[in-house]
Amino acid sequence: MSSKVRVRRTYKDSLFRMIFREKEELLSLYNVVNGSDYKNTEDLEINTIEDVIYMGIKNDVSFLIDDYLNLYEAQSSWNPNMPLRGLFYLAALYRGYVGENGLDLYSEALLKLPAPNFIVFYNGSRARGDMEQLKLSDSYIKKNRDGYALECTVTVLNINYGHNEKIMKGCRKLWEYAYLVEEIRKGIKAGLRLEEAVDRAVEHCIENEILADFLRRHQMEVKDVILTEYNEAHHVENEKRLSFEQGVAQGLEQGLEQGIRALILDNLEEDIPQQRILEKLKARFGLSEEEAVERLRRYTIKKE
């Protein structure tokens with residue numbers, strides 16, 4: 001029975017989704033991640049929701065295979081809130097699955113559902129391990145010894161160079177995707193403008209037969225998508241920096257605290273010396289020495 005959810009598409013594909021939109025490539029990625037050996041692409045049913053307006057959530061690709069509901073997403077910036085985002089997205093997928101398969105939520109018989117797997121392929125610049133798991137319960141203010149009524153677990157795989165070499169070698173297209181992204185970063189570090197870095201990286205990859213056929217067919221579209229993705233990532237980073245200004249403009253005390261909290265936790269995560277954090281707090285938010293020390297102490301305790 002079909003479980004596809006069809007919603008009007010209003011956004012462009014991500015680069016990751018462009019590369020893995022074909023079933024052959026997606027099946028290859030699934031096999032290497034799961035240690036399986038599926039060969040028939042008909043075993044795989046793509047059910048990506050084309051656009052999710054609720055809370056602005058969208059993902060790269062979701063699909064069904066062997067009674068597993070898989071959610072795959074590429075991330076170039078670290079986001080500890082992926083479990084909550086995944087929960088919203090999975091809820092939408094399960095709602096579609098129940099509706100399109102005519103399942104009765106009030107039936108006396110236990111409904112059978114595909115088991116969820118949520119994987120994020122991380123290639124950001126922040127140093128992370130090969131594999132990490134993020135849990136929704138990490139966000140809960142109070143901890144429950146006996147477990148939680150609701151949990152969502154995200155497996156994060158680092159696909160930067162030097163990480164997860166077995167997976168990268170097992171899926172050529174994933175390696176090529178990471179290579180292209182790395183070449184763009186090299187160009188930016190060398191002082192090129194983003195657009196120039198993208199052009200040079202694309203040309204380099206074509207010359208060296210890395211995503212060559214794909215890039216020849218979709219060169220302009222790829223360039224447009226990459227520029228959009230980088231601009232969106234830049235926007236996300238700016239949102240953290242601007243949270244204080246936005247809060248003041250709206251007359252919200254909460255905006256001030258959110259800005260302070262974001263700055264402290266981000267800097268603690270990157271092991272910035274505490275004296276430097278205090279200087280940033282005073283310069284950005286106009287805090288006194290005593291206020292800055294108190295805020296740093298408060299959020300350091302909460303982080304621990």
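The values are calculated or read from the model by the stated rules, or taken from the named source; none is laboratory data. Here the structure is a predicted model, which means the values were calculated and not measured. No Cβ is skipped: glycine too gets one built from the backbone with ideal geometry, and neighbour counts run over all protein chains shown. Note: areas computed on protein heavy atoms with side chains; ligands, DNA, RNA excluded. Shrake-Rupley method; radii C 1.70, N 1.55, O 1.52, S 1.80 Å.
Taken over segment 152-167, the criterion of being open to solvent by 70 Å² or more (accessible area, probe 1.4 Å) and either in contact (Cβ under 8 Å) with a residue 60 or more places away in the chain or assigned to a helix (DSSP H, G or I) (or both) is satisfied by E165, K166.
Has segment 63-75 got any residue that is assigned to a loop (DSSP other than H, G, I, E, B) and modelled with pLDDT of 90 or more? Among the residues of segment 63-75, at least one is assigned to a loop (DSSP other than H, G, I, E, B) and modelled with pLDDT of 90 or more, which makes the answer yes.
Here W78 meets each of (1) in contact with a Phe, Trp or Tyr (Cβ under 8 Å, 6 or more places away or on another chain); (2) in a helix (DSSP H, G or I); (3) open to solvent by 30 Å² or more (accessible area, probe 1.4 Å); (4) not basic (K, R) with one exception, condition (2).
Just to verify a result, which residue in segment 127-138, among those that are in contact with a helix residue (DSSP H, G or I) (Cβ under 8 Å, 6 or more places away or on another chain) and either open to solvent by less than 70 Å² (accessible area, probe 1.4 Å) or in a loop (DSSP other than H, G, I, E, B) (or both), is farthest from K186 (Cα to Cα)? Before you say what the answer is, go through the steps one by one.
First, pick out the residues of segment 127-138 that are in contact with a helix residue (DSSP H, G or I) (Cβ under 8 Å, 6 or more places away or on another chain): 134-136, 138.
Now narrow it down to the ones that are either open to solvent by less than 70 Å² (accessible area, probe 1.4 Å) or in a loop (DSSP other than H, G, I, E, B) (or both): 134, 136.
Details: L134: 29, L136: 35 Å.
Top of the filtered list is L136.
Find the helices (runs of 4 or more DSSP H) located wholly in segment 213-304 whose residues include 1 or more that are modelled with pLDDT under 75 and open to solvent by less than 90 Å² (accessible area, probe 1.4 Å), and list them. So that I can check it myself, show each step before the final result.
Working: elements: 253-269, 274-285, 289-303.
Once the helices (runs of 4 or more DSSP H) in segment 213-304 are filtered for at least 1 residues that are modelled with pLDDT under 75 and open to solvent by less than 90 Å² (accessible area, probe 1.4 Å), what remains is 253-269.
Restricting Y97, Y106 to residues that are farther than 30 Å from Y161 by Cβ and outside any loop (DSSP other than H, G, I, E, B) narrows the list to Y97.
Here's the yes/no breakdown for (1) surrounded by 12 or more Cβ atoms within 10 Å (Cβ to Cβ); (2) within 23 Å of I19 (Cβ to Cβ):
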{"site": "L110", "(1), (2)": "no, no"}
{"site": "L113", "(1), (2)": "yes, no"}
{"site": "F121", "(1), (2)": "yes, yes"}
{"site": "D146", "(1), (2)": "no, no"}
{"site": "L150", "(1), (2)": "no, no"}
{"site": "K169", "(1), (2)": "no, yes"}
{"site": "W175", "(1), (2)": "yes, yes"}
{"site": "V181", "(1), (2)": "yes, yes"}
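Report yes if some residue within segment 31-47 is open to solvent by less than 70 Å² (accessible area, probe 1.4 Å) and under 16 Å from the mean Cα position of the chain (by Cα); otherwise report no. Checking segment 31-47: not a single residue is open to solvent by less than 70 Å² (accessible area, probe 1.4 Å) and under 16 Å from the mean Cα position of the chain (by Cα).
All of (1) in a helix (DSSP H, G or I); (2) modelled with pLDDT under 95; (3) in contact with a Leu (Cβ under 9 Å, 6 or more places away or on another chain); (4) not acidic (D, E) hold for R185 with one exception: (3). Consider segment 101-144 and keep the residues that are touching a Leu at 6+ places or on another chain (Cβ under 6 Å) and aromatic (F, W, Y). The one that is nearest to N70 (Cα to Cα) is F118.
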